[in-house]
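Notes to accompany the following structure.
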Ligand SMILES: [Zn+2]
C-alpha cells in the first residue's frame, strides 16, 4: 500500500483553495490528479462537473456483490492560506503533518485513495463509491450535485454514507442545521417634521428583535438534544434609514437560526410567520420576509448499522455531535444512513493546520474493517 504520508503530501502540494476565498484556483487540478492516480491503479472513475471548472471525482471499487454499497465522501477544496509560510509543502514534525488541508480534509481524501488501492486488489463484500467533491467550504455545490444528479442514476443505491471530516475519531451521528432569514420593511420617507406623511420602516424591527429575543429565551429553557444542546438564533445584520430628520423608507434585518434534527420545516415556517406578524402589528409598514438559504441538520440513529459497524471496529470511540455543519446532511436527506468519522488534528481554517499521522492510520484501519465487514 502506498504510504499514506506520501498521498497527503501530494494532495497538499496541489493548491485547491475554494474560489470563494480570495479567488482560489478551485479543485480542477487536484481532481485531475486524483483521477489519474485512481486510473493508474485500475480503478474506474470519472469527473462530474458540479459547475464549470468545479469537478467532483466519482470512483467505484467493485465488490463481490455480497453486501450493499457504501459511499465515502471527502472534499477536495480548502480555505485560503494567508499568513502561512509554505502552505503547500507538507512539513512532518513527529506525528504531526502540517500543511493547508492536511486536517480539513486532504488527510481523509488520502485515506479514501489508500483504501481504494487496497480493495481493488482484494475486492470487498460490497461496492465502495468514492466521492471526492468540490466546494464544501462555500455552498457545497459538489455534494449537492452528487446527490441531485448522480445518485439517482445508480441502479442500486448505497445504503450508507461515511463522511470523513475530522471528528477527533469520535463517531459523529448528529450536527445542527441552519437557516439564513431576512426581512425587509418598507415605510414612507418624509421630513421628520411631518408625522402624518412619514411611515417609520425601522420601528417594526424593534418588535422583531423582541420576538427573536423571546424565542432565544424559549430555546434556553426548552428541550435539548443529548449531543447538540439547544437550538439558537441571533441577529446578523441590520440596516436602514438615511438621515437624522428623515422618516426611514426602508429597513432590513437578517438573522441566523441553528436547528436541531427534531425541528421540522413547518415548525421553522411557523416561527418565521410569528416574527413577521410581530413586525406587522407596529405601524402598518409593509413587511416581507423569507428564508434565503437553509441546510438540514444531521440526526442519525445510534442504532444504525453503520454506527454499530464502526463501534465494533473502534469500541472506545464515543458517539458525538459535531459543532459544525457537514455535507453529511445532504447524503442523509437523500436517504443514506450517514455517519461522520475522521482523524484528530488541529487548526482547520487556521495557519497552524496539522493532522495526526497515527490518527489517519487508525481511521483508515477502522474504515477498512467496516468495509470488510460489509454490514451497513
Ligand atoms: Zn472540511
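The values are calculated or read from the model by the stated rules, or taken from the named source; none is laboratory data. Predicted, not measured: the structure shown is a model, and the values here were computed from it. Here the Cβ positions follow ideal geometry from the backbone for every residue, glycine too, while neighbour counts run over all protein chains shown.
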Qualifying positions in the stretch 14-41 - closer than 16 Å to residue 99 by Cα and in contact with a helix residue (DSSP H, G or I) (Cβ under 9 Å, 6 or more places away or on another chain): 14, 15, 16, 30
Residue list for the stretch 20-55, restricted to those being touching a residue at least 60 places away in the same chain (Cβ under 8 Å) and either in a loop (DSSP other than H, G, I, E, B) or not assigned by TED's automatic domain parsing to the domain that holds residue 146 (or both): 20, 21, 22, 26, 27, 41, 42, 43
Selection within the stretch 130-153 - farther than 18 Å from residue 27 by Cβ and touching a residue at least 60 places away in the same chain (Cβ under 8 Å): 151
One residue from 114, 140 being at pLDDT 95 or above, in contact with a helix residue (DSSP H, G or I) (Cβ under 6 Å, 6 or more places away or on another chain), in the same structural domain as residue 56 (by TED's automatic domain parsing) and surrounded by fewer than 24 Cβ atoms within 10 Å (Cβ to Cβ): 114
Filter pass, residue 54 being within 27 Å of residue 157 (Cβ to Cβ) and over 25 Å from the mean Cα position of the chain (by Cα): no
Residue in the stretch 354-373 that is buried (at least 20 other Cβ atoms within 10 Å of the Cβ) and assigned to a loop (DSSP other than H, G, I, E, B) present: no
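Within the group 261, 323, which residue is over 16 Å from residue 180 (Cα atoms), under 19 Å from the mean Cα position of the chain (by Cα) and not assigned by TED's automatic domain parsing to the domain that holds residue 168? Before you say what the answer is, go through the steps one by one.
Values: 323 fails: not assigned by TED's automatic domain parsing to the domain that holds residue 168.
261 is the lone residue from the list that is over 16 Å from residue 180 (Cα atoms), under 19 Å from the mean Cα position of the chain (by Cα) and not assigned by TED's automatic domain parsing to the domain that holds residue 168.
Of all the residues that make up the stretch 164-178, how many are more than 11 Å from residue 300 (Cβ to Cβ) and touching a strand residue (DSSP E or B) at 6+ places or on another chain (Cβ under 7 Å)? Walk me through how you get there before you give the answer.
First, the residues of the stretch 164-178 that are more than 11 Å from residue 300 (Cβ to Cβ): 164-170, 176-178.
Okay, now just the ones that are also touching a strand residue (DSSP E or B) at 6+ places or on another chain (Cβ under 7 Å), so 164-167, 170, 176-178.
Counting residues in the stretch 164-178 that are more than 11 Å from residue 300 (Cβ to Cβ) and touching a strand residue (DSSP E or B) at 6+ places or on another chain (Cβ under 7 Å) gives 8.
Kindly indicate which of 292, 270 is at pLDDT below 95 and either assigned to a strand (DSSP E or B) or away from the ligand (no atom under 16 Å from the Cβ) (or both). Steps first, answer last, please.
On the way: 292 fails: at pLDDT below 95.
270 is the lone residue from the list that is at pLDDT below 95 and either assigned to a strand (DSSP E or B) or away from the ligand (no atom under 16 Å from the Cβ) (or both).
Only one residue in 227, 212 is more than 16 Å from the ligand (Cβ to nearest atom), outside the structural domain of residue 77 (by TED's automatic domain parsing), in a loop (DSSP other than H, G, I, E, B) and within 26 Å of the chain's Cα centre (by Cα), so which one is that?
Numbers: 212 fails: in a loop (DSSP other than H, G, I, E, B).
From the options 227, 212, the qualifying one is 227.
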Every residue from the stretch 161-194 that is in contact with a helix residue (DSSP H, G or I) (Cβ under 8 Å, 6 or more places away or on another chain) and free of Cβ contacts under 8 Å to residues at least 60 places away in the same chain: none
